[in-house]
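Below is one structure; the comments refer to it alone.
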Amino acid sequence: MDILIIMCIGVLVGNKLFPRQYKSFNEKLQFICTILLIFSMGVTLGKRDNFLEELTTLGWQSFIFCIFPLLLSLVVVFLLTYYFIEKKK
Amino acid sequence: MVYCAMIALFFGVIYGVYGFDIHFISYITSRSNFILYCLMFLVGISIGLHKGILNDLKKYHLKVFIIPFGIVVGSIIGGIFCSWITGFTLGESTAVVSGLGWYSLSGVTVGKLAGAELGSITFLSNLMREIFSFFLIPVVAKYLNFYSCIAPAGATSEDTTLPMMIKYTNEETVVLSVFNGIICSALVPILISFCYNNM
């Protein structure tokens, strides 16, 4: 919820106050934040007890549990948005 | 962006595994929530700069629910396939995939419900979903449609994968992506509990 509130404040700032000429500067800052977030995620994972052992013993099953839901949601969302949003535009 | 993300993740894991403690880096990584708040503020500015985007969304009405609905249905069907392949029960398998990419919460929740092994599988599979999403979004944007980019991201479409949406889709998809993330995140604990106990 706090994330949503912060983003709404950002929307207001962008809509009312933020100078349009700094748009690309804003995008560069977003890039830096994203890379820092991904790096932090890696650090959190690496610090997790037995992370490498878990990855080697449970990695294959985890991959199956990742790939099927991911691909099937992709297919279902594509079909739904294609027929109910894109075709009706 | 994708290569930078891969490199950042790789060096992050190395930093964590080998227990390095460089004060400046540890200071930043221990405040990842603050970085996420900064990112969301900046993303908000991007959306706000596009006047009229929220009005454009009003034309969708109930259609904004199509994407989260598709993600949940697709993930559960995927969970049923996984049950056949791995031999876990239907309830266990669908509970694992109900994380929708939110690895921290789902890993802990399934771990408490079904034990450490399934908890770890939930953690890893949902983490993989988030990581694969980073790399799939540009491909899906190019070959399918912008809306479908939200599907692999699942519950993470409102935060960690959002910058990829901004980079590779349009403002309308970004707003739908945030909306989808909120709905999916709210559904994750409900779905895990429902699937584990009823399927």
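Can you tell me the alpha carbon radius of gyration of segment B:55-157 divided by the globular rule-of-thumb value 2.2 N^0.38 Å?
Numbers: Rg = 14.9 Å, N = 103, 2.2 N^0.38 = 12.8 Å.
Cα-based Rg divided by the globular estimate yields 1.16.
Apply 1/(1 + (r/R0)^6) to the Cβ-Cβ distance of B:Ile28 and B:Glu172, taking R0 = 41 Å, and write down the FRET efficiency to the nearest 0.05. Before the final figure, lay out the partial values.
On the way: r = 33 Å, r/R0 = 0.80.
Between B:Ile28 and B:Glu172 the formula returns 0.80.
For chain B, which whole-number percentage of the solvent-accessible area (1.4 Å probe, protein heavy atoms only) is attributable to carbon and sulfur atoms?
Working: 5860 of 8430 Å².
Solvent-exposed carbon and sulfur of chain B make up 70 percent of the total.
Send over a whole-number figure in Å² for the accessible area per residue of the protein assembly as shown, probe 1.4 Å.
47
Can you list, bin by bin at 5 Å, the percent of alpha carbon pairs in the protein assembly as shown, starting at 0?
1, 6, 12, 17, 18, 17, 14, 8, 4, 2, 0, 0
Can you give the accessible area of B:Tyr15, probe radius 1.4 Å, in Å² rounded to 10?
That residue has around 10 Å² of solvent-accessible surface.
Per the 1.4 Å probe, what fraction of the accessible area of chain A, in percent, lies on carbon and sulfur atoms? Could you put the intermediate results ahead of the total?
Values: 3650 of 5220 Å².
In chain A, the share of accessible area belonging to carbon and sulfur is 70 percent.
Please work out the C-alpha center-to-center distance from segment B:89-153 to segment A:53-76 and express it in whole Å.
So the two Cα centres are separated by 8 Å.
Buried accessible area for the A:B pair, summed, 1.4 Å probe, in Å² rounded to 100?
6900
Take chain B, drop everything but the C-alpha atoms, weight them equally and run the Debye formula without solvent; then report log10 I(q)/I(0) at 0.08 Å⁻¹ to two decimals.
For chain B, the Cα-only Debye profile gives -0.29.
Taking only the C-alpha atoms, wrap a convex hull around chain A and report its volume per residue in Å³ as a whole number.
Here the figure is 179 Å³ per residue.
With +1 on the Cβ of every Lys and Arg and -1 on the Cβ of every Asp and Glu, and nothing else charged, how large is the dipole of chain A about its Cα centre, in debye rounded to the nearest 20?
In debye, rounded to 20, chain A gives about 660.
What per residue convex hull volume, in Å³, do the alpha-carbon atoms of segment A:32-84 yield?
Cα-based convex hull of segment A:32-84, divided per residue, equals 96 Å³.
Among the listed pairs A:Lys28/B:Lys142; A:Lys87/B:Lys142; A:Lys23/B:Lys167; A:Lys87/B:Lys63; A:Lys28/B:Lys59, give every one whose C-alpha distance is greater than 20 Å. Please report the intermediate quantities before stating the final value.
Values: A:Lys28/B:Lys142 23 Å; A:Lys87/B:Lys142 18 Å; A:Lys23/B:Lys167 13 Å; A:Lys87/B:Lys63 13 Å; A:Lys28/B:Lys59 32 Å.
Exceeds cut-off: A:Lys28/B:Lys142; A:Lys28/B:Lys59.
The values are calculated or read from the model by the stated rules, or taken from the named source; none is laboratory data. For clarity, every value in this text was computed on a predicted model and none was experimentally measured. Here the Cβ is made from the backbone with ideal geometry for all residues, glycine too, and neighbour counts use every protein chain on show. Side chains included, ligands, DNA and RNA excluded: accessible areas come from the protein's heavy atoms. Shrake-Rupley method; radii C 1.70, N 1.55, O 1.52, S 1.80 Å.
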